[in-house]
Amino acid sequence: MRFGGKIGQSGAFVQCARCKKAIFRREFEQNLFVCQHCGFHQRVSATARIEMTFDEGSFQVLDTELASIDPLQFPEYRAKLEGAKEKTGQNDGVVSGLAKLDGRDVSVAVSDFTFMGGSMGSVAGEKITRTLERAADGGIAAIVFCASGGARMQEGLLSLMQMAKTTAAVERCRSAGAPYIAVFTDPTMAGVLAGYASVADVILAEPGAQVGFAGARVSKQAQVARVPDDFQTAEFCLRSGMIDRIVPRREMRATLSSLVRMLTAARL
C-alpha cells in the first residue's frame with residue numbers, strides 16, 4: 001500500500017524530525033510514517049490517514065461543496081486559503097465522509113494539519129457537525145481524527161461559534177446512542193480541544209501528540225509553578241485522566257475496529 005502523505009523531503013532517504021537519523025523512504029512509508037529508531041510519529045495527511053485506517057476503497061468523501069469565504073475581509077486570508085487549497089488539493093482542513101472499518105459502517109472526519117494548521121473555521125465546524133449527525137441518523141459510530149492548532153482567527157466569532165455547534169452535535173449523537181470516538185494526533189490544541197474533541201465517548205491519542213489549550217510558549221509564560229517535562233503531551237494527559245488510551249499508529253486500525261464492534265454490538 002502506498003500512502004498519499006507528504007513528508008516534506010525528497011529522495012530515497014528521509015530524516016526523522018526528532019532523532020535526526022536517516023530512514024529509507026520505503027521503510028518509513030511501510031511503517032506508517034513512524035520512525036523505527038525512536039518511535040516518533042510523523043504528521044500525515046488526511047488522505048494517508050484514511051488509507052491506513054479504513055477498508056480499502058470504502059471511503060466515500062462527502063461535503064465537498066463546502067468552502068470557506070472571507071466574512072471579515074481579513075487581510076491576506078483569501079490568499080492563504082488559495083495557497084492551502086493548492087498545497088493540499090482540499091477545500092478545507094477537514095475531510096469528511098462515510099467508510100467501512102472491517103466491514104462496519106462508520107461516519108468519519110479527519111483533520112489535516114497541512115491546511116492552515118488544521119484551524120477550525122466555519123467549514124471545518126460544519127463538516128464535524130455533519131459527521132456526528134450522520135452517525136446519529138444512521139445509528140453508526142463516529143470517528144474523528146483531530147489535528148489542529150485551534151480556532152481560525154481570520155473568521156473571528158464565526159470560528160469560535162463552532163465550539164458550541166460541534167459540542168451540541170456530540171450531544172445529539174449521544175442522545176441517539178451512536179458512539180463517538182476521538183483520536184488526538186499531533187497537535188490537538190485550543191478551541192478544538194475545548195470543543196468536540198474532549199467530549200467523545202472514547203478518547204485515544206497517538207504517542208507523543210501535543211495536547212493542550214494554550215501553546216507551549218504561552219503556557220510557559222503563565223506558569224506559577226513547575227510543570228512536568230512532558231506537560232501538554234498525550235502521555236501527560238493519560239496520567240491526568242484526560243484520555244483513555246495511547247495507541248501506536250500501527251495498532252490504531254485494530255483498536256478502532258474493536259471499539260466500534262463493542263460499542264455498536266447492541267444495535268446489531
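Brief remarks follow.
- Members of the stretch 139-158 that are over 23 Å from Gly212 (Cβ atoms) and at pLDDT 95 or above: Ile140, Ala141, Ala142
- The residue pairs whose first member lies in the stretch 146-172 and is on the phi > 0 side of the Ramachandran plot, whose second member is part of a helix (DSSP H, G or I) and among the β-branched types (Val, Ile, Thr), and whose beta carbons are closer than 9 Å, counting only pairs six or more residues apart or on different chains, are Gly150/Val192.
- Only one of Pro187, Pro207 that is touching a strand residue (DSSP E or B) at 6+ places or on another chain (Cβ under 7 Å), in a loop (DSSP other than H, G, I, E, B) and modelled with pLDDT of 85 or more: Pro207
- Reported count of residues in the stretch 70-114, each being of a type in the set (Asp, Glu) and farther than 19 Å from Gly149 by Cβ, is 5.
- Number of residues in the stretch 40-97 that are assigned to a loop (DSSP other than H, G, I, E, B), surrounded by 13 or more Cβ atoms within 10 Å (Cβ to Cβ) and aliphatic (A, V, I, L, M): the value is 4.
- Meets criteria (among the polar types (S, T, N, Q) and more than 11 Å from the chain's Cα centre (by Cα)) for Ser175: yes
- Qualifying position, being surrounded by fewer than 24 Cβ atoms within 10 Å (Cβ to Cβ) and within 15 Å of the chain's Cα centre (by Cα), among Ile181, Ile143, Ile128: Ile181
- If you go through the stretch 101-125 and keep only what is closer than 20 Å to Pro75 by Cα and more than 14 Å from the chain's Cα centre (by Cα), you end up with Gly121, Ser122, Val123.
The values are calculated or read from the model by the stated rules, or taken from the named source; none is laboratory data. Not measured: the values here are computed from a predicted model. A quick note on method: Cβ atoms are made from the backbone with ideal geometry, for glycine too, and the neighbour counts reach across all protein chains shown.
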